[in-house]
Amino acid sequence: MQDVESLTPEQYELAKRALACLDIAGFYCAKKYVGEKDFLDLWAPALVTLGRSAARPFWPLP
C-alpha cells in the first residue's frame, strides 16, 4: 500500500482504471444488468486481496 503521491504515472493510471472497472461493475449490478452472484463471483477474489492489502498495516491488532 502506497500513498497516491508516491505512485508512478503508470501505477496511478492502473489504479484509476481498476477503480473505474469496479464502479461500472457495481453500476451494472445495481441496475440488475448483472446478477449479484455473478458480480461477487467475478470481483470477490480481487476485493478480498485489496482488503487484506489495505488492512495489512493494521494487523495484528493489539
With label points set 7 Å from each Cα along the Cα-to-Cβ direction at Asp3 and Thr49, the distance between them in nm comes to 2.7 nm
Cβ-Cβ cut-off under 15 Å around Leu42, Lys and Arg +1, Asp and Glu -1: the net charge is -3
Determine the sum of side-chain charges near Lys31: Lys and Arg each +1, Asp and Glu each -1, restricted to other residues whose C-beta is under 15 angstrom from that of Lys31. -2
What length, rounded to one decimal in nm, is gained on full extension from Tyr12 through to Asp38, with 0.36 nm per residue of separation minus their alpha-carbon distance? 6.6 nm
Long-range amide H partners of Leu7, meaning residues 5 or more apart or on another chain whose placed amide H is closer than 5 Å, are none
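Taken together, the values in this text are just the output of simple stated rules run on the coordinates, not laboratory data. Being a predicted model, the structure only gives us computed values, none of them experimental. Heads up, the Cβs are rebuilt from the backbone with ideal geometry, glycines too, and the neighbour counts pull from every protein chain shown.
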